[in-house]
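Some notes on the structure that comes next.
The values are calculated or read from the model by the stated rules, or taken from the named source; none is laboratory data. All figures in this text were calculated on a predicted structure; none of them were measured in a lab. Cβ sites come from the backbone with ideal geometry, for glycine too, and all protein chains shown count toward neighbours. To get the accessible areas, we keep the full protein, side chains included, count just its heavy atoms, and leave off ligands, DNA and RNA. Shrake-Rupley method; radii C 1.70, N 1.55, O 1.52, S 1.80 Å.
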Amino acid sequence: MMQQKINDISEVLANLTVDAPKRLLLPKEVAEMLNYTENQVKKKSRNRELPSYKFGKNIYFDRLELEDMILADKYRRQSNQEIDYQVSKAMSK
């Protein structure tokens with residue numbers, strides 16, 4: 001009886017599919033993610049504008065590092081209000 005329950009649970013677990021996002025991405029996948037061409041991604045990697053890892057001739061990107069970079073404040077585009085504030089502050093000096 002116990003063995004049958006274990007087998008049933010094992011079968012249910014085997015049929016579960018979890019679509020976890022890949023951690024390491026290829027340049028083509030990063031290009032789709034960031035709306036760049038593959039060549040732009042490779043160039044940004046070479047120029048160290050995008051965090052990447054090279055193994056042999058292959059380039060890989062860590063999804064979490066890219067997401068962190070996108071969300072980081074230094075890469076965030078400023079709103080017009082923020083720009084106007086900085087301009088007025090600089091002009092008042």
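The helices (runs of 4 or more DSSP H) found entirely in the stretch 1-70 that carry 2 or more residues being out of contact with any Asp or Glu (no Cβ under 8 Å at 6 or more places or on another chain) and open to solvent by 90 Å² or more (accessible area, probe 1.4 Å) are 2-15, 38-46.
Applying the selection to the stretch 47-84, what residues are over 17 Å from Tyr36 (Cα atoms) and touching a strand residue (DSSP E or B) at 6+ places or on another chain (Cβ under 6 Å)? Across the stretch 47-84, the qualifying residue is only Tyr53. Looking across the stretch 40-83, the residues that are touching a residue at least 40 places away in the same chain (Cβ under 8 Å) and out of contact with any Leu (no Cβ under 6 Å at 6 or more places or on another chain) come down to Leu64, Leu66. Can you pull out every residue in the stretch 71-88 that is small (Gly, Ala, Ser) and assigned to a helix (DSSP H, G or I)? Ser88 - this is the single residue of the stretch 71-88 that is small (Gly, Ala, Ser) and assigned to a helix (DSSP H, G or I).
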